[in-house]
1. Residues of region 127-161 being part of a loop (DSSP other than H, G, I, E, B), within 27 Å of Leu75 (Cβ to Cβ) and in contact with a strand residue (DSSP E or B) (Cβ under 7 Å, 6 or more places away or on another chain), which ones?
2. Checking Leu231 against (1) under 12 Å from the mean Cα position of the chain (by Cα); (2) surrounded by fewer than 24 Cβ atoms within 10 Å (Cβ to Cβ), only one condition comes out false. Which one?
3. What are the pairs, 6+ residues apart or on separate chains, where a residue within region 124-148 that is open to solvent by 40 Å² or more (accessible area, probe 1.4 Å) has its Cβ under 7 Å from a residue that is of a type in the set (Ser, Thr, Tyr)?
4. Considering only residues of region 162-178 that are surrounded by fewer than 23 Cβ atoms within 10 Å (Cβ to Cβ) and touching a strand residue (DSSP E or B) at 6+ places or on another chain (Cβ under 8 Å), which is nearest to Ala228 (Cα to Cα)?
5. Report those helices (runs of 4 or more DSSP H) wholly inside region 1-94 carrying at least 3 residues which are surrounded by 12 or more Cβ atoms within 10 Å (Cβ to Cβ), at pLDDT below 90 and not aromatic (Phe, Trp, Tyr).
6. Across region 197-221, what is the total count of residues that are closer than 24 Å to Leu302 by Cα and surrounded by fewer than 17 Cβ atoms within 10 Å (Cβ to Cβ)?
7. What's the number of the only condition in (1) out of contact with any helix residue (DSSP H, G or I) (no Cβ under 9 Å at 6 or more places or on another chain); (2) at pLDDT below 95 that Thr251 fails to meet?
8. Identify, by number, the condition in (1) out of contact with any Pro (no Cβ under 8 Å at 6 or more places or on another chain); (2) at pLDDT 65 or above that Pro268 doesn't meet.
Amino acid sequence: MGQAQQDRGRVAMTIEAARASVERLSVRAVPLAGAPDAALARPLSTQALAHLVAGHARLGSLPDGDAHAARALLLASALVERATPVGGGLGWGYDADVDTPFGRFAGGRPNALATAHAAHALLDAATLARRPDLAEAPRLALAWACADLLVEHRGERLFVPTPESSRPIHSVNLLLASLAARCADWASDAWRAGEDAYAYSLARQRSDGSWPCGETHELRAVDAVHLARILESLAVWEERTGDADVAVALTAATAALLARLGPLEREPRRPVEESRRLAIVAAGLAAAAHVDDRALPTAGRLLDRALASGERRAVRALRARREAPAGSRMDDGIALVALAGYLTAIGRTSAEPAADVG
């Protein structure tokens, strides 16, 4: 058998295994898929809703994805209802106070991370059906970000995590910049804000291709999860604009992330942290699969570990006759997003013509 046939066979088996994982995960992630929006919203945090909407919407855009599309649209309605009118736009916040390496987010108050994740998810859902509310909410989120989260720093502009914070955090900055790439009109003020935000972070990429979490002394460390989020945002801008500088930055950042996977995989962490981190990194590598041949197989390996960890937690909870650990619904959503990205990248790879050398 020629190499091309072997490659196609391996891709087909990988797709089948990934689809089986998607179905198992989907049942666990949204057991109330036929319930009214109000019933769906109660057991899910805002962040869980956002990630589940994104995951199901992206799977819904793939062949045979009708069931996922229906789930995405049902959950998206609940996510829109969670938005808070603020600053002439819309924002989303966490349901309770959340501490992060770069500060505390107060519960119930809109912030950059929750808002960006919700807005990106709604944009994903909006591609599935003609729903003006789903398309308009992300634009209103970007309007709030440009009004209250866009700051000037030594003659440059970037997005910050909250209106009260001036700390530059590259993954946060680029997450909102990629929102501008997806929903701002070309050459509008919001588009130019996105351009400036990208320029700010691109100018601070390190020589090894990585980024620190931020620009203050306590945030100078390089974190694999933040770097993976940056890959996703760079991939969005490159796809939308074809910017050669961003393509170069994406290629270097992908190599930097791959070089850091050894320490990431050896880190002793609680299972909930392990599955979440590995799925996020897998999603970032899947988004960058077109710039580095190592990215996609590595994403598949990390996804296997993330899903296995999630399955073990679910089984332990079932045996103990108790609820799954807090945050597990959000982890399921993150895993769905990663699986969708992986399947999309696999599809693109399998669609490329290959010469039969056998």
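1. Taking region 127-161 as the starting set, the residues that turn out to be part of a loop (DSSP other than H, G, I, E, B) are 127-131, 154-155, 160-161.
Checking the rest, the ones that are also within 27 Å of Leu75 (Cβ to Cβ) come to 127-131, 161.
Selection gives Pro161 alone.
2. Only one criterion is unmet by Leu231, namely (2).
3. Thr127/Ser61; Leu128/Ser61
4. By that ranking, first place goes to Arg167.
5. Filter on region 1-94 gives 3-29, 37-41, 66-81.
6. Our first condition is that a residue be closer than 24 Å to Leu302 by Cα; within region 197-221, this holds for 208-213, 221.
Right, trim to surrounded by fewer than 17 Cβ atoms within 10 Å (Cβ to Cβ) and you get 208, 221.
Number of matching residues: 2.
7. Evaluating Thr251 over (1) out of contact with any helix residue (DSSP H, G or I) (no Cβ under 9 Å at 6 or more places or on another chain); (2) at pLDDT below 95 leaves (2) as the failure.
8. Failing condition for Pro268: (2).
The values are calculated or read from the model by the stated rules, or taken from the named source; none is laboratory data. Please read all numbers here as calculations on a predicted model, not as lab measurements. Backbone-built Cβ (ideal geometry, glycine too); neighbour counts: all protein chains shown. Protein only, heavy atoms only, side chains kept; ligands, DNA and RNA dropped before computing areas. Shrake-Rupley method; radii C 1.70, N 1.55, O 1.52, S 1.80 Å.
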